[in-house]
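The values are calculated or read from the model by the stated rules, or taken from the named source; none is laboratory data. Since the model is a prediction, treat every value here as computed from it, not as a measurement. Here the Cβ positions follow ideal geometry from the backbone for every residue, glycine too, while neighbour counts run over all protein chains shown. Please note that ligands, DNA and RNA were not included when accessible areas were found on the heavy atoms of the full protein model with its side chains. Shrake-Rupley method; radii C 1.70, N 1.55, O 1.52, S 1.80 Å.
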Amino acid sequence: MVTDYPESLKGQFLMAMPGLLDPNFHQTVICLSEHTHDGAVGIVVNRAHASLKAAAIFSELEMVHSDRVGQTPVYLGGPVHASEVFILHGRPFDTGVSLEITPRLAMSTSREVLERIALGKGPESFLISLGCAGWGPGQLEAEIRQNAWLTCNIDETIMFDVPVDQRWERAMRKLGIDPTLLIDAVGHA
């Protein structure tokens, strides 16, 4: 399927506009890890689970883990494949098991990567999520045309270092937008 939005948005943040009221995506920041003519996949990076920590996932998968890493929050990456583990991580990348998003960021679903993280021997920067967000062919492009999303280059500092509840605002400000000035309505010019 050919769309009128031919450039890939892989390696971009998607920031939900205030008018996007779907509870899965309201005020979310999504790291877009793949975007082709077949669709798009991304991970919500600003929705930490209220009580779930990485230790629960490591225990469920019978992985030895350090106490420090076990206290890492688990994110709600999106409503697709909600019981599957997705890992966004910095270097080092594992050829064949990590999908390079940018030269400094990759995504993996590999048990091997998760085991190294559990032992404190994996990438220093990482985010563990359950689920992902997904769009079919042309769907994301249509939502962008309907003013549901803004985009900007991924900023690893926002994703890994900024407190979770401030990531949406910081990503908006990266574009030079004061989110308090945005209205909650979607419109068309």
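Laid out as a table, the results:
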quantity	calculated
Single unsatisfied condition, Gly122 versus (1) part of a loop (DSSP other than H, G, I, E, B); (2) touching a helix residue (DSSP H, G or I) at 6+ places or on another chain (Cβ under 6 Å); (3) farther than 15 Å from Val44 by Cβ; (4) at pLDDT 90 or above	(4)
Selection status of Val186, outside any loop (DSSP other than H, G, I, E, B), surrounded by 13 or more Cβ atoms within 10 Å (Cβ to Cβ) and modelled with pLDDT under 95	no
Enumeration of residues in the stretch 112-170 that are open to solvent by less than 40 Å² (accessible area, probe 1.4 Å), small (Gly, Ala, Ser) and over 14 Å from Met15 (Cα atoms)	Ala118, Gly122, Ser129, Gly131, Gly134, Gly136, Gly138, Ala142
Residue in the stretch 6-20 that is surrounded by the most Cβ atoms within 10 Å (Cβ to Cβ), counting only those that are in a loop (DSSP other than H, G, I, E, B) and in contact (Cβ under 8 Å) with a residue 24 or more places away in the chain	Met17
Residue match in the stretch 128-142 (condition: more than 13 Å from the chain's Cα centre (by Cα) and free of Cβ contacts under 8 Å to residues at least 40 places away in the same chain)	yes
When residues of the stretch 53-75 are limited to those that are aliphatic (A, V, I, L, M) and without any contact (Cβ under 8 Å) to a residue 40 or more places away in the chain, the one most open to solvent (accessible area, probe 1.4 Å)	Ala56
